[in-house]
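The values are calculated or read from the model by the stated rules, or taken from the named source; none is laboratory data. This one's a predicted model, so the numbers in the text were calculated from it and none came from an experiment. Reconstructed Cβ throughout: ideal geometry from the backbone, glycine too, with neighbour counts over all protein chains shown.
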Amino acid sequence: MTSNWLKDLNLKPRSNSVKTFKSYVDLNSEEGGEKSASNDSFESKFKDEEDIYAKKAPYPEPSLLPGEVVISQAENILKFNTLSELNKGISGLLICTNFKLSFLTAENFPSNLHQKNALLGENDICLINIDSVYHVNNGKRKKLSVSCTSANIEIIEVHCKDFRIYTFSFKFSPQHQRSVINTIIHHAFVPRINLVFAFDYKQPSPFPEESENHSLLFTRSCDWEAELERCKCPGWRVTLANEKFLLCESLPECFVVPSILLDMNLNKSAPHFAGHRVPTWSWGMSSGASIVRMAALDANISDSRQ
């Protein structure tokens, strides 16, 4: 009986979908194994491709100024559009330097759609322009400070002094959120003004032979003479009538007055002005137009023609 059953079984034509006898006995087991192996292979392949994509993220290189360095960064950060109610935005790379907060994406925007800036891009925020940083959770905002930073922050709002608001989500990069947020708060709210980026890094001076401080303070006569030459203003001169502040305590020791006005005339006219602040030149053009500052006439003077 058994031999007849085996004989009949061997004579049965093989199906095109079944290759061996084992398929008749353990069809579900083999199919499950094939599916499992296939899924494992697919997941492994997908993971490898994901790792390769992450390593080759098509983010552009950040534009850095001389002396500017990247302090912290996070990939796969979501930047939500303004007034989108946190449901529309774009993914990119968030970088915090010692000068700005920059958001970089793989998308290339037409260059004629946005106003260009020599130092900042469309998605760049200067750190000194940041007014406050908030933690957003369930529609509620909590202001963050250097001493108050939670480890479980997913969404932040960056409020700028020019009334712009940027919203970022760390949902897909939770391991970097603490370091990035701490960097933003630490460098955006410095305790002393001399810690700002601009004080440490500045453009090379066109006058390297001069002293290290290249800012014109207009405390020397040569500063005013250089300004007159730059503005190409004839008819004006630098006076030292206020040397040792003998003429006026609130005016610099040297300033610019009309060329026809003598120092002795300045000394005579000074009492006619409040605080002895005589008219002084501030800026002018080669055409002759000038800006002159002076104090109000003394209230005790009845005749303004004096």
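In the set E249, E253, which member is closer than 29 Å to A198 by Cβ, charged (D, E, K, R) and modelled with pLDDT of 90 or more?
Matching residue, one of E249, E253: E253.
Within region 78-105, how many residues are touching a Leu at 6+ places or on another chain (Cβ under 6 Å) and within 20 Å of E154 (Cβ to Cβ)?
6
Residues being part of a loop (DSSP other than H, G, I, E, B) and exposed (fewer than 14 other Cβ atoms within 10 Å of the Cβ): count how many of those fall in region 263-290.
5
Show the residue pairs meeting these rules: Cβ distance below 6 Å; 6+ apart or different chains; first residue within region 166-181 and more than 11 Å from E154 (Cα to Cα); second residue of a type in the set (A, V, I, L, M).
Y166/V158; V180/A74
Quick one: which residue in L216, L195 is at pLDDT below 90 and in contact with an Asp or Glu (Cβ under 7 Å, 6 or more places away or on another chain)?
L216
Would region 54-66 turn up any residue that is more than 30 Å from V196 (Cβ to Cβ), part of a helix (DSSP H, G or I) and at pLDDT below 85?
yes
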